[in-house]
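Worksheet: one structure, shown below.
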Amino acid sequence: MERVAFKMKLFAGKAAEYKVRHDAIWPELAGLLKTTGISNYSIFLDEETNWLFGVLQVDDRQALDGLPDNPIMKKWWAYMADMMESNPDSSPVSIPLKEVFFLP
């Protein structure tokens, strides 16, 4: 099991709606993430800067590589693109974070 962390930038004034949309995550998206081997997935918000910090565990890091091609993932990204910095394909601009400490 590998831990993965990343950050994304939320647009100002979008925090409440971002939470509403994630509280109502589509069952098919949750299922896709779980079948990809993702677990213990959390997203945290720094309210002062609007940076989102994601942390997840995945059975196989390479399994994440297929997510961008999945129609459900593409649909979710398009749904969320109005709330955060996004790439031309609507995927969020996601910056990997380097782990510098872990206490098991």
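No lab work stands behind these numbers, since they all come straight from the coordinates. Note that this is a predicted model, so its numbers are computed, not measured. Using ideal geometry, Cβ is built from the backbone for each residue, glycine included, and neighbour counts are taken over all protein chains shown.
Annotations for the structure displayed:
- Candidate aspartates and glutamates - alpha carbon under 20 Å from Lys14, same-chain residues fewer than 8 apart omitted: Asp23, Asp46, Glu47, Glu48, Asp82, Glu85
- Taking Cα centre as origin and charging only the Cβ of basic (Lys, Arg, +1) and acidic (Asp, Glu, -1) residues, the dipole magnitude of the chain rounds to 40 debye.
- Candidate lysines - alpha carbon under 18 Å from Lys9, same-chain residues fewer than 8 apart omitted: Lys19, Lys98
- Cross-link partners of Lys34 among aspartates and glutamates (Cα-Cα below 14 Å; sequence separation of 8 or more within a chain): Asp59, Asp60
- Sum of side-chain charges, Arg3 neighbourhood, beta-carbon under 15 Å (Lys, Arg +1; Asp, Glu -1): -1
- Paramagnetic reach from Lys19 (point 7 Å along Cα→Cβ, amide N under 16 Å) across region 43-77: 43-53
- Karplus-based coupling profile of region 15-25, in residue order and whole Hz: 4, 5, 5, 4, 5, 4, 5, 6, 5, 10, 3, with θ = phi - 60° in 6.51 cos²θ - 1.76 cosθ + 1.60 and x standing for Gly or Pro.
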